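The values are calculated or read from the model by the stated rules, or taken from the named source; none is laboratory data. Fair warning: this is a prediction, and the values are worked out from it, not measured in the lab. Cβ coordinates were reconstructed from backbone atoms using ideal geometry, including for glycine residues, and neighbour counts include every protein chain displayed. Accessible surface areas use protein heavy atoms only, side chains included; no ligands, DNA or RNA. Shrake-Rupley method; radii C 1.70, N 1.55, O 1.52, S 1.80 Å.
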Amino acid sequence: MLGKILAVVVFSALLISRDADWVLHPTLWAEDGVIWFQNAYAKGLRVLLMPSAGYLNVFPYAMALVARDLPLGWLPGWMMAGGFMAQLAPALYLLWRGAPLVPSVWARLAIAIFYLGVPNSFEIHLNLTNAQWHLMLLSFLMLVLPAPKGRGRRVLQYGVLLVNGLSGPFCLFLAPVALWQWRSSGPDQRRHALIQAAIVGAAALIQALCLLTIGAGERQSMVLGPSATRLARILTDQLFLSSLLGTTNVNLLQQDAFWHHPLMAWCIALAGLSIIALALVKGPSSFRKFFLAGLILLACGLISPASGAFGDQWVLFDIPGYGGRYFVIPILIFFVACLILAGKAPGKFRVPACALLGVFVVGMQADWLYPPRGGTFTAYHQAVEAFEKAPPGTQVSFPEASPGWAMVLTKR
C-alpha cells in the first residue's frame, strides 16, 4: 500500500511540475466551458445523449453535470481535475497491474515516466477536453491485460470501458484490438475477453451511428493537401524528431534549410519506421495490437483532422506542436519499440536502441515545461462575481485560456 501511495504522489508531482501554474490557477480550456459546461448548465441530463464533433462524450459531460452543483468559481479546477485523473490513470494502471504485459518493473516504470513526460503533448496536458486520449490508453491496457481478480473489480472495469467507449471516437480504433484479444485469449480469459470485446464493439457501433447520422454535419471538411513527401516530413518532425529532441529543438532545426530537404525527411522517416517494424517482429503480440490501434488513430487523424485552422492541413501538420494530440500515441509506440529492441534485438540492433533510449531524455527535458496557458484566471473570477450579482436572465461571458474561446451563461 505504501508503494502505491508513493507512486500516486510521485506521478502526480511529475504531472504538476510540467505546468504548475495551470494547477494553481486553473482556467477553462476549449470545450471545457463552451461545450461541456455551457450545455450541461442549460440542458441538464440530455447532454449525455448529445453528440459533439460527431460523437458522444459521456465522461466530460458527466463531469460538467456534477459541476452544476459546485460553486462556479470551482469549475475550472474541477474540469482540470477530471483531466488530471484521466492522465494519471494509465501510468498507475500499467505500473500496478501491468506485470503480465511488461514483466520488468523497471521497464514499466520507464514507460510510465516517459508517458507522463512525453514530448509534443501540450494539447492533451491536464485538460478535460482532451482526456479521451488518455482514456484510450487506459482502455487499451484493460483490453490486453488479464481479468482483474474479484467480480466487483471486473464489473468496475467493464463500466470504465463503457464510459471510455462513449467518450469520443477511440472505441472505433480499439474495436479491432478487442476482437483480436478475444480470438487469441486462452480458455481461462476467453469469457472476460468476449465481454470486453462486446462492450467496446457496442460502443463503437453507437459512436459510428452518431458519426453517420446525428453528427454527420458537425465536422468541417478540411483541405488536406496530401503528398508522400509531406507525410515523410510530418512523421519526421512530429513523431520521430519531436520524440527524441522535443518540439523546442525541432523548431530550431527547421530554421536551417538543410532539414527541409526531402531526402532528409525520407531518411529519418524510413529509419524510424524500420525500428518500429523490427519491434513488431521481435516484440510481443500486445505491441502489435498497440501498433494497430495507433496506426488507425493516426490515419484517421491525418485523413479527417478536427481543426479550427484553415489551409492545407498536411502543411500545418509539419509545424511541430500543431495537432500534437494525434502524435502522442505514435510517439509512445516508437518509445516502446526502442525499449523492445534494447532487450530482445540482436546485438547489432541493441546498442543503437539503447542509445536512442538515452536520446529520448533530451526530448523530455526540452518539452518538459509547457508555455503558460493562464492569464485569464483573474478575469474568469471577475466574471463569476458579476454572474452571482446579476439578475436572472442576464448573460455573462467567461474567458477561457484557449485564445478566442469564451463560455456564455444565462443566469437562471
Next on the checklist: Taking the condition of being of a type in the set (Ser, Thr, Tyr) and without any contact (Cβ under 8 Å) to a residue 60 or more places away in the chain, how many residues in segment 141-171 meet it?
Outcome noted: 1
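Among the listed residues Met85, Met80, Met50, which satisfies the condition of being within 30 Å of Gly117 (Cα to Cα) and open to solvent by 40 Å² or more (accessible area, probe 1.4 Å)? Talk me through it step by step, then tell me what you get.
Values: Met80 fails: open to solvent by 40 Å² or more (accessible area, probe 1.4 Å); Met50 fails: within 30 Å of Gly117 (Cα to Cα).
The conditions single out Met85.
Based on what the data block shows, is Leu141 among the aliphatic types (A, V, I, L, M), under 22 Å from Phe291 (Cβ atoms) and either in contact with an Asp or Glu (Cβ under 8 Å, 6 or more places away or on another chain) or surrounded by fewer than 21 Cβ atoms within 10 Å (Cβ to Cβ) (or both)?
On the way: among the aliphatic types (A, V, I, L, M): yes; under 22 Å from Phe291 (Cβ atoms): yes; either in contact with an Asp or Glu (Cβ under 8 Å, 6 or more places away or on another chain) or surrounded by fewer than 21 Cβ atoms within 10 Å (Cβ to Cβ) (or both): yes.
Here the answer is yes, as Leu141 does meet what is asked.
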Next on the checklist: Considering only residues that are within 29 Å of Trp36 (Cα to Cα) and either in a helix (DSSP H, G or I) or touching a Ser or Thr at 6+ places or on another chain (Cβ under 8 Å) (or both), which ones fall in segment 165-177?
Outcome noted: Gly165, Phe170, Cys171, Leu172, Phe173, Leu174, Ala175
Checklist entry - Applying the selection to segment 272-321, what residues are touching a Leu at 6+ places or on another chain (Cβ under 9 Å), surrounded by fewer than 17 Cβ atoms within 10 Å (Cβ to Cβ) and among the β-branched types (Val, Ile, Thr)? => result Ile303
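Being outside any helix (DSSP H, G or I) and of a type in the set (Gly, Ala, Ser) is the filter; apply it to segment 88-113 and report the residue that is surrounded by the fewest Cβ atoms within 10 Å (Cβ to Cβ).
Quick first cut of segment 88-113, residues outside any helix (DSSP H, G or I) only: 98-104.
Narrowing further to those that are of a type in the set (Gly, Ala, Ser): 98-99, 104.
Details: Gly98: 22, Ala99: 14, Ser104: 11.
Only one residue fits best here, namely Ser104.
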Checklist outcome for this item: Residues of segment 173-215 being in contact (Cβ under 8 Å) with a residue 60 or more places away in the chain, crowded, with 21+ Cβ neighbours inside 10 Å and under 22 Å from Pro305 (Cβ atoms), in sequence order, are Phe173, Leu174, Gln207, Cys210
Checklist entry - Checking Val23 against (1) buried (at least 19 other Cβ atoms within 10 Å of the Cβ); (2) in contact (Cβ under 8 Å) with a residue 60 or more places away in the chain; (3) β-branched (Val, Ile, Thr), which single condition isn't satisfied? => result (1)
Next on the checklist: Checking the conditions here, which among Phe59, Phe11 is open to solvent by 30 Å² or more (accessible area, probe 1.4 Å), within 23 Å of Val118 (Cβ to Cβ), part of a helix (DSSP H, G or I) and among the hydrophobic types (A, V, I, L, M, F, W, C)?
Outcome noted: Phe59
Item to check | Matching residues, segment 293-327, being assigned to a helix (DSSP H, G or I), more than 16 Å from the chain's Cα centre (by Cα) and under 22 Å from Pro119 (Cα atoms) | outcome: Gln313, Trp314, Val315, Leu316
